[in-house]
Amino acid sequence: AQANIGVIGLAVMGSNLARNLASREGNTVAVYNRSAEKTHTLTSEHPEANFVASETIEDFAKSLQTPRTAIIMVKAGAGTDAVIDQLTKVFEPGDIIVDGGNALFTDTIRREKAVKETGIHFVGAGISGGEEGALKGPSIMPGGSAESYETLGPILSSIAAVAEGEPCVTHVGTDGAGHFVKMIHNGIEYADMQLIAEAYDLLRKVGGLEPAEIADVFTEWNQGELESYLIEITAEVLRQTDAKTGKPIVDIIVDEAGSKGTGVWTVQNALDLGVPVSGIAEAVFARSLSSHREQRDVSTNLPGPSNPWTVSEDDKKGFIEDVRLALYASKIVAYSQGFDAINAGAEKYDWNIDKGAISKIWRGGCIIRAQFLNRIADAYDEQPALEALLTAPYFTEALVRAQESWRRVVAGAAGAGIPAPAFSSSLSYYDGLRAERLPASLVQGQRDFFGAHTYKRVDTEGTFHTLWSGDRSEIEAVDTH
Ligand code: NBP
């Protein structure tokens with residue numbers, strides 16, 4: 001046995017992760033893939049790397065020093081279950097199986113429970129950053145037992161992205177906590193992308209800017225508080241022209257956005273947890289709407305407003321700044337909602353999650369990496385039990401600064417018939433949280449009327465019901481909610 005770490009599944013993610021591991025001082029990496037072809041390709045293309053290749057799972061296990069540690073990078077779902085099944089037959093108690101794929105966290109909880117029975121550790125680790133991240137340093141969100149992290153932590157730290165001198169990895173919590181947090185990360189990514197897309201749309205349709213000019217605007221924004229990987233790559237996409245037509249590539253790409261499902265998972269789970277992640281939900285729905293081509297085709301004649309929203313040359317600078325601030329404020333809301341979902345998940349599944357540490361490991365390697373995450377870390381450092389991220393002084397100040405612009409942009413977009421679902425739902429969420437009284441009292445009244453669902457009074461303890469179909473007097477009721 002020569003290898004101190006192994007990788008199973010050598011498609012693009014697994015190969016790159018294996019190369020990343022092999023490039024670190026002192027590592028010898030055992031590699032195995034179902035079809036030996038991929039294994040040969042990897043080892044022959046990278047003769048410099050310290051690989052020990054195996055063609056059977058038994059040889060793979062033998063090639064690893066005990067206690068063994070192996071990272072699975074195969075298709076999430078049945079493929080992962082099949083590989084875990086194989087590994088538990090050849091591994092021994094004390095060994096560690098890491099699933100680095102995009103597993104649904106509830107699968108990870110189930111798998112951890114089953115594998116634990118054998119005495120083997122099972123760690124579900126969210127790995128973010130795509131192919132390049134896997135090769136050069138991803139953001140890693142491992143769950144599993146604290147004991148397994150003692151072995152795993154140093155290895156993962158050595159291959160993770162580094163942000164401001166710190167490796168982008170932390171022990172998130174037990175069993176499925178890592179994959180849960182990775183799921184929320186992806187949900188936030190959806191919201192962030194949609195918000196940037198809405199900003200682009202307004203700059204183009206209202207501001208009259210061409211894609212290349214918008215690229216310049218984003219490049220400038222990237223110097224300030226919006227500094228992030230997503231803003232940076234957006235500028236690059238907008239600057240790109242199509243070789244065939246000479247047009248901006250953004251005008252050639254079909255306007256139907258796809259998805260691989262992690263945004264949907266985030267929203268489904270948030271619905272179950274009762275957390276309003278409206279920014280993420282709008283982003284997921286915006287992608288679905290865009291993909292309903294038949295519906296869009298029969299709807300193009302639906303009436304819109306008669307007055308377009310245009311800005312004069314003199315007002316253009318102010319308009320661009322309004323859009324920037326609307327984007328920033330909506331982004332704060334989206335992240336605040338994402339962290340609310342982490343809170344709710346932690347409570348339901350009994351995880352002790354350090355939210356400041358999570359925002360720090362997202363500063364490098366992953367798609368949502370941004371300066372902004374330092375502010376979130378600061379907010380949780382100052383107040384670990386912060387109820388709502390947007391109430392942290394730094395963010396409140398930013399929202400105060402942004403709100404006039406934010407309102408102008410949302411109102412203007414509505415008036416002009418330009419969809420800005422994530423901008424406007426974020427503003428509604430903000431105003432909903434701020435409101436001293438919400439019309440939820442009326443909803444409770446309606447519920448009590450048709451379903452005797454009862455209500456609480458503002459002035460008296462207890463639960464009440466009005467005899468709506470009787471004399472409409474109020475009685476004290478058994479709490480049924
Ligand atoms: P795939 O998801 O396409 O997985 C295919 C690989 O798994 C192949 O090499 C295949 O072997 C191998 N495999 C083995 Br070993 N046993 C298998 C089995 N029983 N059933 C099916 N496949 C089996 O690879 P990928 O695109 O590299 O992605 C790996 C994981 O990383 C996935 O969970 C994916 O969701 C995740 N991912 C994450 C990111 C990110 O940014 N975080 C990006 C892309 C993917 P074969 O050669 O014999 O078919």
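Miscellaneous remarks
- Averaging 1/r over every pair of different alpha carbons in the range 373-481 and inverting the result gives a Kirkwood radius of 17.6 Å.
- Solution diffusion estimate, µm²/s, Stokes-Einstein, the range 110-265, Kirkwood Rh from C-alpha pairs, 4 °C, viscosity 1.567 mPa s: 71
- Cross-link reach list, lysines versus LYS62, counting only Cα pairs under 17 Å and skipping chain neighbours closer than eight places: LYS89
- Calculated log₁₀ intensity ratio I(q)/I(0) where the Debye formula runs over C-alpha points of the range 36-87, q = 0.14, 0.15 Å⁻¹: -0.43, -0.50
- Remark: the Cα gyration tensor places the range 231-306 in the oblate category, a/c being 1.5 or greater and a/b not exceeding b/c.
- Length-normalised contact order of the chain in % [C-alpha pairs under 8 Å, at least 6 apart]: 12
- Note on the range 124-199: along the principal axes its Cα atoms extend 45, 25, 21 Å, ordered by decreasing extent.
- Only the Cβ atoms of Lys and Arg (+1) and of Asp and Glu (-1) were treated as charged; on that basis the dipole of the chain about its Cα centre amounts to roughly 620 debye.
- Rounded to the nearest angstrom and listed largest first, the equivalent-ellipsoid semi-axes of the range 392-443 from its Cα gyration tensor are 20, 19, 8.
- Spatially, the range 261-297 and the range 218-240 are offset by 25 Å when compared through their Cα centroids.
- Our estimate of slack between ASN352 and GLN240, defined as 0.36 nm per intervening residue step minus the Cα-Cα distance, is 35.9 nm.
- When each of the peptides 259-266, 428-435 is scored by the mean number of other C-beta atoms lying within 10 Å of its residues, the order from highest to lowest reads 259-266, 428-435.
- Sequence-distant residues sharing a close amide H with THR69 (under 5 Å, placed H): GLY6, ILE96
- Rounded is the label for the range 21-167, because a/c, from the alpha-carbon gyration tensor with a ≥ b ≥ c as root eigenvalues, stays below 1.5.
- Dimensions of the range 293-424 along the principal axes, based on C-alpha atoms and rounded to the nearest Å, stand at 53, 40, 28, largest first.
- Listed by chain and number, the aspartates and glutamates whose C-alpha is less than 14 Å from the C-alpha of LYS260, apart from same-chain residues fewer than 8 away, are GLU189.
- Cα pair distances in the chain, grouped into 20 Å bins until the bin that holds the longest one, percent each: 21, 47, 27, 4, 0
- In summary, the lysines within cross-link reach of LYS317, defined as a Cα separation below 18 angstrom excluding same-chain residues under 8 places away, comprise LYS205.
All of the numbers you see were taken from the coordinates with simple rules; none came from a lab. These numbers come from a predicted model, not from an experiment. Note that we place each Cβ from the backbone using ideal geometry, even for glycine, and neighbour counts take in every protein chain shown.
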